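The values are calculated or read from the model by the stated rules, or taken from the named source; none is laboratory data. This is a predicted model, so every value here is computed, not measured. Neighbour counts run over all protein chains shown; Cβ positions are idealised from the backbone, glycine included.
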Amino acid sequence: MLEVDAACKAAHEARSQRTAAQAAVPSNLIGIARLAFPDQLIEITQRAVVPD
């Protein structure tokens, strides 16, 4: 993702449509300056854990 401002705006609009009774929407924004090689890719895996 290169358009961070657009992504933040879209996330804000999506969150503003939720009511106080609905669960919060978690999110992360991770940025890096550059990779060692231009064609390199990274993969980030997340797991949400909801307590019982």
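Here is how the numbers come out for the structure above:
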quantity: Residue among Leu29, Leu35 that alone is in a loop (DSSP other than H, G, I, E, B) and surrounded by 10 or more Cβ atoms within 10 Å (Cβ to Cβ); calculated: Leu35
quantity: Leu41 vs. criteria at negative phi, modelled with pLDDT of 80 or more, surrounded by 10 or more Cβ atoms within 10 Å (Cβ to Cβ) and outside any helix (DSSP H, G or I); calculated: no
quantity: Single condition Val50 does not satisfy, out of (1) more than 16 Å from the chain's Cα centre (by Cα); (2) of a type outside the set (Ser, Thr, Tyr); (3) modelled with pLDDT of 85 or more; calculated: (3)
quantity: Failed criterion for Ala10 (all others in (1) small (Gly, Ala, Ser); (2) at pLDDT 85 or above; (3) more than 12 Å from the chain's Cα centre (by Cα) hold); calculated: (3)
